[in-house]
């Protein structure tokens, strides 16, 4: 007979490592995905996930059950990620343009991108994955607390009260952070995204599709994306919600295009000066 959550938690608090591991595995993949969206680095996401696991288990005696174990572990992980992010510059909305310029001007960078594309098993450029990639990049233009609030609520469906615990903010302040983040993201996409705005300056999804999939019908790919079809019909807030529906279906850690999107992310980070090489 399988143990219940409460039974496993009681065993874990008493020091049962297997019980804690079983509870942790329920949200481990989501935690790593969340950390990657914050840090945009596979290794850092993995490292902080493991550090959160160890720190949580060693401090289970201090868990007061004011939230779920998941929320408590996400709090630990968020604090660890915050310690890294606070020393880094906030990204600018032209981050994708900077990455594109570097890839086009530096043959060695473009060769690295092509190598990943051509040698990774089942690697492919998918417009849907790149829209998710772009969402992550634009989210990193927000102040850290707004970014965290938006990602937890809009992508991982955390309740506002749980986000307020993670951020150690009042519910009212958390709501303000979330509303401001959504407003800013909606404005960014409205101004920049060529998929929903003919005058948008960013057309990278289409350009990369042509570079990596020259025989693929771009329009067919675009027509499969709801918010592209609805861009003339819906207002910008509704388009944001439609974009979220797509983003929520994608785990940036796996899928056909994960390695390719990661090398493109590294290119952006290199162009922005966040890393010195890859």
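Derivation of every value follows stated rules applied to the coordinates shown; laboratory data play no part. Just so you know, these numbers come straight off a predicted model, no measurement behind them. When we count neighbours, we look across all protein chains shown, and the Cβ atoms used for this are built from the backbone with ideal geometry, even at glycine.
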Q) Hey, what does the equivalent ellipsoid look like for segment 1-87, semi-axes from the Cα gyration tensor as sqrt of 5 times each eigenvalue, largest first, whole Å? A) 24, 13, 10
(Q) As a footprinting exposure proxy, order 176, 87 by other Cβ within 10 Å, with the fewest listed first. (A) 87, 176
Q. Given the Cα atoms of the chain, and with Rh set as the inverse mean 1/r over their pairs in the Kirkwood sense, what is Rg to Rh to two decimals?
A. 0.99
Q: Compute the relative contact order of segment 90-278 as a whole-number percentage, counting only Cα pairs closer than 8 Å that sit 6 or more residues apart in sequence.
A: 36
Q: Please identify, among 35, 11, 195, the residue showing maximal mean-square fluctuation in a Gaussian network model of the chain using a 10 angstrom Cα cutoff.
A: 11
Q) Ranked by Cβ crowding within 10 angstrom, fewest neighbours first, how are 42, 74 ordered? A) 42, 74
Q. If you take the C-alpha gyration tensor of segment 63-185, multiply each eigenvalue by 5 and take the square root, what semi-axes do you get, largest first, in whole Å?
A. 33, 17, 14
**Q.** Ranked packing of 184-194, 22-32, most packed first, by mean Cβ within 10 Å
**A.** 184-194, 22-32
Q) Do the sum for the chain: with -39,500 (n - 2.57) for every DSSP H run of n ≥ 4, divided by all residues, what is the mean residue ellipticity at 222 nm, to the nearest 500 deg cm²/dmol? A) -20500 deg cm²/dmol
Q. If we sort 213-219, 98-104, 144-150 on the protection proxy, mean other Cβ atoms within 10 Å, highest first, what's the order?
A. 144-150, 98-104, 213-219
Q: Taking only Cα atoms and a 10 Å spring cutoff, compute GNM fluctuations for the chain and point out the largest among 266, 65, 248.
A: 65
Q: Using the number of other C-beta atoms within 10 angstrom as an exposure proxy, rank 57, 20 with the fewest first.
A: 57, 20
Q: Report Rg (one decimal) and Dmax (nearest whole number) for segment 138-277, counting Cα atoms only, units Å.
A: 16.7, 52
